[in-house]
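Right, one structure below, let's go through it.
The values are calculated or read from the model by the stated rules, or taken from the named source; none is laboratory data. If you're wondering where the values come from, they're calculated on a predicted model, not measured in any experiment. With ideal geometry, Cβ positions are generated from the backbone for all residues, glycine too; neighbour counts draw on all protein chains shown.
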Amino acid sequence: MLLCDSAQVAEGKLYVLGGGWSMIGPDPAPSAIAMKIDVDWNDADRPHHLELFLVDADGQPVSFETPEGTHPMEFRADFSVPRPDAVPPGSPIDFAFALNLPPLPLLPNSRYTWRLMIDGEAEESWILAFSTRPANEE
């Protein structure tokens, strides 16, 4: 997973702009999460469920006001990958994914983490931590 300014997937490849940062703001700005998931050969051709959650430094969900009320910042998607004929049996199969986000009103001088779960499982390496800069003092 990689934090970036924007990302897209075309023909199975990730295209990333402004990638690899861990500091943003303090003003809200668009951002994106780019990821390449290695799907096990045996897990191809079946549905998978992906969940991304934004949490604060205390591990609490980050919520925002919307026209429908207060909602946590989370994203869910289902995906599956076909087992291509050209890939040797037993090889992992690439799944590229890009999530572009609108400017989020995050608190200045704070720490946040995106946490990924796939099929209800999470691993320590499936997190993206970042900080917001302190507010400009004028």
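Quick notes on this one:
- Residue within segment 69-90 that is touching a residue at least 60 places away in the same chain (Cβ under 8 Å), touching a Pro at 6+ places or on another chain (Cβ under 9 Å) and assigned to a loop (DSSP other than H, G, I, E, B) present: no
- Residues in segment 39-68 that are part of a loop (DSSP other than H, G, I, E, B) and small (Gly, Ala, Ser) were compared, and the one that is surrounded by the fewest Cβ atoms within 10 Å (Cβ to Cβ) is 59.
- Qualifying residue in segment 94-103 (condition: exposed (fewer than 14 other Cβ atoms within 10 Å of the Cβ) and among the hydrophobic types (A, V, I, L, M, F, W, C)): no
- Segment 110-121 residues that are on the phi > 0 side of the Ramachandran plot, paired with ones that are surrounded by 15 or more Cβ atoms within 10 Å (Cβ to Cβ) and at pLDDT 95 or above (beta carbon under 6 Å, 6 or more apart): 119/48
- Residue in segment 130-138 that is modelled with pLDDT of 95 or more, within 18 Å of residue 2 (Cα to Cα), in a loop (DSSP other than H, G, I, E, B) and touching a Leu at 6+ places or on another chain (Cβ under 8 Å) present: no
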